[in-house]
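Visitor: Take this structure first; my questions come after.
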Amino acid sequence: RGITLRLAEVVRSAAFENAIDLALIANGGVLLMEQWDLLSGSEHAPAAEIFSGRIDSWWNVAEVFFTSLFVAEMCLKLLVLGFYEYVRSLKNCLDAFVSLTAVVVTALVYLPNSFSDSRYIRYVLALRLVRLLRLLGAVPQVRA
């Protein structure tokens, strides 16, 4: 029982939310680094192994890591808050939508089939950047 109470305390804490926010920022940084050539107008095409549909590059490992982290966040919140309290928050609903969509697309891309282009994962992960926009709303200088 003590572990359950401690878990609830951690998941409801500002520190937990701050850790998730830092993970979102890190995820945004990874997406930015991965797409830097495209965003900067460089003529270099991304390496083919990035889009191979196999978890064989640093970028693919990072995507699976962040997807797993955010799914774990969702599961912990559902466990602690319960379904009805969890879905009362639009923030949680958006987070769940993005996380579950990322899991489905990741499974479709990495499981053997003809749908193995991991660029689709990047499109879904770009939705996570919407979560970053919420962080900007929390910064007083941005709201002003």
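The values are calculated or read from the model by the stated rules, or taken from the named source; none is laboratory data. Keep in mind that what you see is a predicted model, and the values were worked out from it rather than measured. Cβ: placed from backbone, ideal geometry, glycine included. Neighbour counts: every protein chain shown. Note: areas computed on protein heavy atoms with side chains; ligands, DNA, RNA excluded. Shrake-Rupley method; radii C 1.70, N 1.55, O 1.52, S 1.80 Å.
Visitor: So GLY137 clears everything in (1) under 29 Å from ALA8 (Cα atoms); (2) at pLDDT 75 or above except one condition, right? Which one?
Guide: (2)
Visitor: Among the residues that make up segment 75-86, is at least one of them out of contact with any strand residue (DSSP E or B) (no Cβ under 6 Å at 6 or more places or on another chain) and modelled with pLDDT under 90?
Guide: no
Visitor: Can you find a residue that is in a loop (DSSP other than H, G, I, E, B) and not hydroxyl-bearing (Ser, Thr, Tyr) anywhere in segment 91-108?
Guide: No: zero hits.
Visitor: Pairs, please: C-beta under 9 Å, at least 6 apart or cross-chain, first residue farther than 13 Å from ILE25 by Cα and exposed (fewer than 15 other Cβ atoms within 10 Å of the Cβ) and in segment 112-135, second small (Gly, Ala, Ser) and at pLDDT below 70?
Guide: Hits for this filter: PRO112/GLY53; ASN113/GLY53; PHE115/GLY53; ASP117/SER52; ASP117/GLY53.
Visitor: Under 7 Å between Cβ atoms, which residue pairs at least 6 apart in sequence (or on different chains) link something in segment 19-47 that is under 23 Å from THR67 (Cα atoms) and open to solvent by less than 40 Å² (accessible area, probe 1.4 Å) with a partner that is of a type outside the set (A, V, I, L, M, F, W, C) and modelled with pLDDT of 80 or more?
Guide: ILE20/GLU73
Visitor: Does ARG54 satisfy the criteria of being modelled with pLDDT of 95 or more and open to solvent by 70 Å² or more (accessible area, probe 1.4 Å)?
Guide: So ARG54 does not fit the description; no.
Visitor: Does LEU69 satisfy being under 20 Å from GLY29 (Cα atoms), open to solvent by 40 Å² or more (accessible area, probe 1.4 Å) and at pLDDT 95 or above?
Guide: yes
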